[in-house]
Amino acid sequence: MALAIKFQDSVDRGEVRDYADIARLGYVTRARVTQIMNLLNLTPEIQELLLFADASQDGGGTERDLRPIIGLVKWEEQRTAWRSLLLR
């Protein structure tokens, strides 16, 4: 989550042109950068929980676990899916 915020800030400040620049600089695929950036589509509450999760706890799973939630447009649906993920 923090990486997505940092990447977006770098684009906003003009430090890099776009996500493709980030991919080149980070030696990762553009698809991977997109996966990371999609975390910004989560509700603010979920983003905050991910940012401040204790590293020794399961902070909601992996980015891959979050993909179905990220795909939900309505925030209430995201919250419901998030709660389900935490109960697994």
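What follows is calculated from the coordinates using simple rules that are stated; it is not laboratory data. For clarity, every value in this text was computed on a predicted model and none was experimentally measured. When we count neighbours, we look across all protein chains shown, and the Cβ atoms used for this are built from the backbone with ideal geometry, even at glycine.
What the table shows:
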read-out: Contact order relative to length of the chain, as percent, for alpha carbon pairs under 8 angstrom and 6 or more apart; value: 26 percent
read-out: Choice from 34, 43, 62 with maximal GNM fluctuation in the chain (Cα, 10 Å cutoff); value: 62
read-out: Helical segments meeting 15 Å axial Cα length and Kyte-Doolittle -0.5 threshold in the chain (DSSP H); value: 2-13
read-out: For the chain, the spread of Cα positions along each principal axis, largest first, Å; value: 39, 30, 21
read-out: Loop-located chymotrypsin sites (Phe, Trp or Tyr not before Pro) in the stretch 1-37 whose Cβ has at most 15 other Cβ within 10 Å (DSSP); value: 27
